Amino acid sequence: MRAYFLTGAHGCIGAWVVKALLERGDVAVAFDLAGDPRRLRLLLEDAQLASVRFIHGDVTDAAAVLRALEASGARHVIHLAGLQVPVCKAEPLLGARVNVLGTLHVLEAARQLGCERVVYASSAAVFGRGVDGRPVAEDEPAEASTHYGVFKRANEGNARVYWLDHGLNSVGLRPLTVYGVGRDFGLTSGPTKAMKAAVLGRPYCIRFSGSTDFLYAADAAAAFLAAADRAPDGASVFNVHGDTAAVADVVGLIREQAPGADIRFSGPELPIPAELDGRALDSALGPLHRTPLSAGVRETMDRFTRLRDAARLDSADLDT
Ligand SMILES: NC(=O)c1ccc[n+]([C@@H]2O[C@H](COP(=O)([O-])OP(=O)(O)OC[C@H]3O[C@@H](n4cnc5c(N)ncnc54)[C@H](O)[C@@H]3O)[C@@H](O)[C@H]2O)c1
């Protein structure tokens, strides 16, 4: 049994990491600014939720991060706390405080306490548009077109310098469009909201078009845990490839599960390449499970249906 310190544990990916940790008998120490673990409640039984060690705190507070990490006794850190593209666009100063300074606080605390490794969420948003339809590899020279992407790139650089200066091991993982129960905010949350809307019999319009790299949230969580457990020493950064498909295909898969669902899409393509080359991660950690989009959509809609039937499905995100 091992303790893992998780920032952003109340978020979508965090909730799936906590679920996976509890299922294998490990300890999850969940550090988050949010008081209400509402996404965790969507995935966990009450008894499981009671076994999570919650620490309420803000990653912009360096002393609080250090205190919490020390109190956790964890040697493995998974840093997921962050503000997403729309917030970083509207409030870049706040975005930098949380996403850049917050990450530095986590790296610094891990260094001071001699932690084994920090695995942190970077993002495929480090790539800008402009790669000609090929899967992009990690070292592709591409410029982020959002503050969010620039902040994530800065984190990758800072993690590398912590390795060079202090020998702190780290892994940055770059997912693209994570979907699954609990995904309810951010530029790429539309497909998951559409699945929820279809289950609730409500119309929904996904606000982007084209193709993207869909990553099932359970697979994202598994990648973070695999990196925490067995990444090579050093400061690495890996893409996390899932299943690249068109938004039109995901709409078709939703309609297969909910015939007649009023789900549409419109809007620009994402300013991020549609397919990540994920081979480097597989070479470093061994092949990771990739849930096909069809299975992930089915599982997500089944989970939403069970939550709906138990009157536990919050639909507030469909109005935002
Ligand atoms: N979801 C995706 O498709 C995706 C893709 C690429 C990268 N990422 C990155 O993965 C990470 C997790 O994504 P997610 O979808 O679970 O995000 P999310 O928005 O669901 O959750 C983020 C969590 O961070 C917490 N948080 C925000 N500010 C904080 C602060 N100052 N101190 C402590 N906690 C704070 C929030 O309360 C929330 O629980 C993020 O860093 C995100 O940028 C996500």
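In the range 3-319, the C-alpha radius of gyration followed by the widest Cα-Cα span (Dmax) gives 18.5, 58 angstrom. In terms of its C-alpha gyration tensor, the range 83-145 has an oblate overall shape, because the principal axis ratio a/c (a ≥ b ≥ c, square roots of the eigenvalues) is not below 1.5 and a/b does not outweigh b/c. When the chain is treated as a Gaussian network with alpha carbon springs shorter than 10 Å, the biggest mean-square fluctuation among Arg67, Arg111, Arg264 belongs to Arg67. The distance between label points at Ser283 and Lys89 comes to 3.5 nm (points 7 Å beyond Cα on the Cα→Cβ vector).
The fewest-to-most ranking of Trp16, Trp163 by surrounding Cβ atoms within 10 Å reads Trp163, Trp16. In the chain, a dipole from Cβ-located charges (positive for Lys and Arg, negative for Asp and Glu) runs towards its positive end, and of Leu285, Ala20, Pro135 it is Ala20 whose Cα lies farthest in that direction. Cβ-to-Cβ counts within 10 Å put Met195, Met1 in ascending order as Met1, Met195, the fewest first. Considering all different alpha carbon pairs of the range 261-313, the Kirkwood hydrodynamic radius works out to 14.8 Å. Near Thr291, the amide H atoms lying under 5 Å from its own belong to Tyr216; only residues 5 or more places off or on other chains count, and H is placed 1.01 Å from N.
Computed about the Cα centre, the dipole magnitude for the range 3-319 is approximately 460 debye when only Lys and Arg (+1) and Asp and Glu (-1) carry charge, each at its Cβ. Would you work out the relative contact order for the range 3-319, in percent, from Cα pairs under 8 angstrom that are 6 or more residues apart? Computed over the range 3-319, the figure is 18 percent. Relative to its residue count, the range 1-137 spans a Cα convex hull of 135 Å³ per residue.
Residues whose amide H comes within less than 5 Å of that of Ser170, counting only those at least five positions distant or on another chain, are Val118, Gly234, Ala235, Ser236 (H built at 1.01 Å from N in the peptide plane).
Considering only Val251, Ser315, Pro273, and ranking their Cα positions along the charge dipole of the range 3-319 that arises from unit charges at the beta-carbon of Lys, Arg, Asp and Glu, the one farthest toward the positive end is Ser315.
Taking the fewest neighbouring Cβ atoms within 10 Å as the starting point, the ordered list for Lys152, Lys89 is Lys89, Lys152. Taking every DSSP helix (H) stretch of at least 4 residues in the chain, weighting each as -39,500 (n - 2.57) and dividing the sum by the residue count yields a mean residue ellipticity at 222 nm of -12500 deg cm²/dmol. When DSSP beta bridges are limited to those with both residues in the chain, what percentage is antiparallel, rounded to the nearest 5? Here the share of antiparallel DSSP bridges comes out near 10 percent. In a Gaussian network model over the chain where Cα atoms closer than 10 Å are linked, find which of Ala310, Ala280, Ala295 has the largest mean-square fluctuation. Answer for the Gaussian network model of the chain: Ala310. Applying 1/(1 + (r/R0)^6) with R0 = 22 Å to the Cβ-Cβ distance of Ala50 and Leu318 gives a FRET efficiency near 0.15.
Every number here is computed from the coordinates shown, using simple stated rules; none is lab data. Keep in mind that what you see is a predicted model, and the values were worked out from it rather than measured. Cβ atoms come from the backbone with ideal geometry, glycine included; neighbour counts cover every protein chain shown.
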